[in-house]
1. Springs between alpha-carbon atoms under 10 Å, Gaussian network over the chain: tell me which of Glu32, Glu73, Glu50 tops the mean-square fluctuations.
2. How much of the DSSP bridge set in the chain is antiparallel, in percent, rounded to the nearest 5?
3. Between Asn26 and Thr69, with labels modelled 7 Å along Cα→Cβ, what's the label distance in nm to one decimal, could you check?
4. Divide by every residue of the chain the summed helix terms, -39500 (n - 2.57) for each DSSP H run of at least 4, and state the resulting mean residue ellipticity at 222 nm, rounded to the nearest 500 deg cm²/dmol.
5. Of the candidates Thr27, Thr69, Thr58, which one comes out as most mobile in a Gaussian network treatment of the chain with C-alpha springs shorter than 10 Å?
6. Working from the pairwise distances between different alpha carbons, so that the mean of 1/r is found and then inverted, what is segment 1-56's Kirkwood radius in Å?
7. Straight distance only, please: which aspartates and glutamates reach the Cα of Lys31 with their own Cα at less than 12 Å, same-chain residues fewer than 8 apart left out?
Amino acid sequence: MSDNNAVYIGNKSIMNYVLAVITQFNTQGAKEVKIKARGKAISRAVDVAEMVRNRFLTDVKVKEINIGTDKIENEDGKVVNVSTIEIVLTR
């Protein structure tokens, strides 16, 4: 699966990302879609996955969930750890 089947979660409303995932499955015919987020957006990513599965595309299943940590340099030059999540949905 390529990264063009990935939806990166940011600060937009949850429905924007739900629509992006649904578009990947329906319009582009993707068999798998990755939902990626880090930091404070992780809870929004989980909400998106659950909303897609429970309300819109009930045939979609969670294939895998990967968690990890990215090291990021902030404005002060300090390296901070940021949690990451990747939820793979499959049809």
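Here, each number is a calculation from the coordinates, and none is a lab measurement. Because the structure is predicted, anything quoted here is derived from the model rather than measured. Cβ placement follows ideal geometry from the backbone for every residue including glycine, while neighbour counts extend to all protein chains displayed.
1. Of Glu32, Glu73, Glu50, the most mobile in the Gaussian network model is Glu73.
2. Roughly 85 percent of the DSSP beta bridges within the chain come out antiparallel.
3. The answer from the label model is 4.1 nm.
4. After summing the helix terms and dividing by residue count, I get -8000 deg cm²/dmol.
5. Thr27
6. Working: mean 1/r = 0.0892 Å⁻¹.
It is 11.2 Å.
7. Asp59
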